1. When DSSP assigns beta bridges and you keep just the ones with both residues in the chain, what percent turn out antiparallel, to the nearest 5?
2. Please tell me which of these pairs span more than 18 angstrom C-alpha to C-alpha: LYS8/LYS134; LYS86/LYS149; LYS149/LYS210; LYS204/LYS225; LYS134/LYS169; LYS149/LYS204?
3. Leaving out ligands, DNA and RNA, and with a 1.4 Å probe, what % of the accessible surface on the chain is carbon or sulfur?
4. Computed over the Cα atoms, what is the radius of gyration of the chain divided by 2.2 N^0.38 Å, N being its residue count?
5. Counting C-alpha atoms alone, how compact is the stretch 1-141: give Rg to one decimal and Dmax as a whole number, in angstrom.
6. Using the heavy atoms of the protein chains alone and a 1.4 angstrom probe, what is the accessible area of the stretch 186-280 per residue in square angstrom?
7. Any idea what angle helix 75-84 forms with the longest principal axis of the chain, computed on alpha-carbon atoms, 0 to 90 degrees, nearest 10?
8. If we count trypsin sites (Lys or Arg not before Pro) as exposed when they sit in a DSSP loop and have at most 13 other beta carbons within 10 Å, what is the longest stretch of the chain that avoids them all?
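The values are calculated or read from the model by the stated rules, or taken from the named source; none is laboratory data. Here the structure is a predicted model, which is why all the values come from computation and not from measurement. Using ideal geometry, Cβ is built from the backbone for each residue, glycine included, and neighbour counts are taken over all protein chains shown. To get the accessible areas, we keep the full protein, side chains included, count just its heavy atoms, and leave off ligands, DNA and RNA. Shrake-Rupley method; radii C 1.70, N 1.55, O 1.52, S 1.80 Å.
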Amino acid sequence: MQIFYEAKLLQQTMMNSAQEICLVPTMGALHDGHLALIHEARRMVGENGCVAVSLFVNPMQFDRKEDLDHYPRPVEKDLEACQNAKVDVVFVPTPDEMYAKNHSIVIAENALSQALCGASRPGHFAGVCTVVMKLFQIFQCHSAIFGEKDFQQLAIIRRMVRDLNLPVKIIEHATIREVDGLAMSSRNARLSAEHRADAPRIWKALTEAKDAYQLGERNVDSLMKRAMSILEQSPYLRIDYLSLVDEENLSLVETIADSSGNFVLAFAGFYGSVRLIDHVTLSAQATEM
Ligand code: AMP
């Protein structure tokens with residue numbers, strides 16, 4: 001496994017490579033969700049291809065300093081996990097390596113990022129788009145894998161690739177969960193024991209609404225109330241949003257007509273200062289876990 005700290009050296013190396021390159025961008029503190037993406041990357045490119053991982057806590061996408069300062073950074077452990085997962089190339093830049101002191105170009109998405117996490121976290125998706133664009137350039141990757149857990153991020157990256165004609169194939173991977181249903185996240189490690197024990201209610205609330213939908217409930221208020229009643233029973237959870245949106249354009253859905261495609265019930269909330277997100281897709285044939 002090759003470890004790079006400098007963007008220029010990595011970019012030159014990748015430019016001279018004849019291998020098919022698949023990138024898994026991460027902020028580190030790797031868990032089984034990240035590892036599933038890495039294994040999918042290997043499946044994509046095969047034994048002769050190049051599986052590349054970035055470990056970079058991108059300051060530009062954090063809207064709260066507290067979150068940035070406390071984001072876990074177990075770099076040695078992450079490198080070991082990459083080695084064990086047979087990753088070929090890892091990039092571990094510092095913020096100064098990624099951003100020139102007077103950097104002044106930002107990639108902004110102006111439609112899909114207005115809702116949900118974009119509304120709660122000003123500048124977040126501009127930070128995501130900018131860093132992902134830079135990583136695509138540095139790695140010269142043919143494809144990149146993103147988790148469906150961050151479904152708004154995935155939609156925005158797909159839009160960026162389309163609108164800017166980027167020659168990168170975007171692959172999505174299903175959400176990996178703990179046995180109790182909680183979506184794996186690097187931030188879960190920061191939950192107190194009480195908060196961790198309470199957190200599976202998020203997935204329970206979302207699946208409750210999904211089950212009702214599959215049984216024929218089409219009243220948006222009733223679906224929301226079912227999920228909300230489980231969330232509101234928590235003595236700890238502070239809800240940021242619970243929103244039903246159109247899967248395609250992420251606009252808020254007020255009424256459901258049977259012909260109108262898929263919907264996403266999306267949640268974000270806080271346990272103390274730890275922000276968690278999750279969502280469920282509502283489609284008549286949904287089998288998603
Ligand atoms: P992060 O390190 O949180 O920025 O995540 C890096 C990538 O891993 C993103 O594409 C995430 O969507 C994906 N990811 C994070 N958690 C999970 C999970 N539980 N299951 C699948 N993918 C995930």
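1. Working: 19 of 38 bridges.
Around 50 percent antiparallel, to the nearest 5.
2. On the way: LYS8/LYS134 11 Å; LYS86/LYS149 24 Å; LYS149/LYS210 16 Å; LYS204/LYS225 13 Å; LYS134/LYS169 16 Å; LYS149/LYS204 16 Å.
Those over the limit are LYS86/LYS149.
3. Values: 6920 of 13810 Å².
Carbon with sulfur: 50 percent of the solvent-accessible area.
4. Numbers: Rg = 19.3 Å, N = 289, 2.2 N^0.38 = 18.9 Å.
Compared with the compact-globule rule of thumb, the chain sits at 1.02.
5. In order Rg, Dmax, the Cα atoms of the stretch 1-141 give 15.4, 43 Å.
6. 47 Å²
7. The two axes meet at around 80 degrees.
8. Details: sites that count: ARG64, LYS86, LYS101, ARG218.
The reported range is 102-217.
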